[in-house]
Structure formats: structure tokens, C-alpha cells
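Asks: A single structure is presented below for examination.
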Amino acid sequence: NAILLVGSSSIRFWSSATSELSPLTVIQRGFGGSVMNDVIYYFDRIVAKYNPRAIVLYEGDNDLAWGLSPSTILSQFDTLTSMIKTELPSTRIYILSIKPSTARAHLWSLARSVNAGFSDRAAVDNKIIHIDVDTYLLNTDESFRDDIFVSDQLHLNALGYEIWSDVIRAALTVNEASQ
């Protein structure tokens with residue numbers, strides 16, 4: 001009955017998640033390099049077995065880097081959503097927007113398309129909540145920030161995770177704090 005954090009290295013490297021989301025109980029199951037289809041493939045091992053009350057999911061970033069189209073990523077998200085609804089019908093899904101990073105700036109227009117698809121799905125399904133982290137990880141003029149990443153310009157540094165945590169905690173507090 002905890003909140004499950006699942007997704008790629010951005011989840012895996014979020015070492016302060018437990019303390020930053022406290023008093024909520026979280027289980028962190030991110031794994032580097034993962035894509036949406038990996039979560040589908042390992043669903044029983046990394047999602048269903050925990051019987052979470054909510055899932056915070058970060059995927060799409062690596063999917064785009066591997067050349068998957070926004071429509072493929074969204075179709076896979078729909079598949080995962082169906083699996084969750086079948087196996088864990090009361091579980092809420094918090095889908096994080098793909099973050100803007102200098103390393104993948106060339107994919108940003110595609111990422112925005114995926115993020116819009118996440119938002120569209122959340123608008124019609126009360127079990128899906130789209131957490132728009134990308135807005136907070138850009139400069140006010142919507143340019144990329146260079147102060148929130150480690151040297152690879154892809155993974156968040158402490159400041160980046162502080163922003164990420166604040167936005168995610170605010171979204172979770174609405175539905176999960178009273179549970």
C-alpha cells in the first residue's frame with residue numbers, strides 16, 4: 001500500500017526520494033536505461049508484487065533516444081495502464097512528463113508531444129495524474145537550464161532533484177497524504 005516509484009535512471013538516481021517524500025511511504029524501483037516496454041515486460045516483478053496504492057512513473061526519455069515515436073510510447077503507456085487497471089484497479093498512476101535536458105535537446109519537440117499525450121490521458125481518466133515537471137525544469141523563457149544537471153547534461157543534480165521532489169510531492173499530497 002506504498003507509493004511505487006518506477007522508471008529509468010532518473011528514478012534510480014533519486015537517492016533522496018524517501019526523505020523528500022516523507023511522511024509518504026515510497027518504494028523505489030527505478031532501473032537505468034529502462035523504457036516503457038521494460039516496465040510492461042517486468043510488470044509482475046517491479047509493479048504488481050508491491051500492490052502499491054499509487055505509482056509514480058518516469059519513462060519516455062530513453063524511449064525517444066532509442067528512436068521510438070511518440071505514438072509508440074503512448075501506445076505502450078496505454079498498455080501499461082490497462083495492465084495496472086486489471087491487476088491493481090484502485091491504484092492511481094502519476095505519470096511524470098519527460099524532462100528537458102541539454103543532452104537530448106534535439107528530441108525536445110518529440111518529448112513535448114509525448115507529454116501532451118500524457119496530459120490528454122489524465123484529462124479523461126481520474127486514475128491518471130500527469131505531473132508536469134518539465135515546466136519547472138526550464139528557464140522562464142522556456143530555454144534549457146544548465147544548472148540542474150550533472151556533467152552528462154542528462155541526469156539531474158541536487159538542485160534538479162530538489163525541484164523535481166517539490167513538484168512531485170505537491171502532486172502526491174493532493175491524493176495520497178490522507179491515505
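The values are calculated or read from the model by the stated rules, or taken from the named source; none is laboratory data. Worth saying up front: this structure is predicted, and the values here are computed from it rather than measured. All Cβ positions, glycine included, derive from the backbone under ideal geometry; neighbour counts span all protein chains shown. For accessibility, only protein heavy atoms count, side chains too; no ligands or nucleic acids. Shrake-Rupley method; radii C 1.70, N 1.55, O 1.52, S 1.80 Å.
Asks: With a cut-off of at least 1 residues that are open to solvent by less than 50 Å² (accessible area, probe 1.4 Å) and more than 18 Å from Ile131 (Cα to Cα), name the strands (runs of 3 or more DSSP E) lying wholly within the stretch 1-120.
Replies: Answer list for the stretch 1-120: 26-30.
Asks: So how many residues does the stretch 125-161 have that are over 18 Å from the mean Cα position of the chain (by Cα), part of a loop (DSSP other than H, G, I, E, B) and at negative phi?
Replies: So the count comes out to 10.
Asks: OK, next. Kindly indicate whether any position in the stretch 170-178 is touching a helix residue (DSSP H, G or I) at 6+ places or on another chain (Cβ under 7 Å) and either assigned to a loop (DSSP other than H, G, I, E, B) or not hydrophobic (A, V, I, L, M, F, W, C) (or both). Spell out the reasoning first.
Replies: Going residue by residue through the stretch 170-178, those that are touching a helix residue (DSSP H, G or I) at 6+ places or on another chain (Cβ under 7 Å) are none.
The answer is no, given that none of the residues of the stretch 170-178 is touching a helix residue (DSSP H, G or I) at 6+ places or on another chain (Cβ under 7 Å) and either assigned to a loop (DSSP other than H, G, I, E, B) or not hydrophobic (A, V, I, L, M, F, W, C) (or both).
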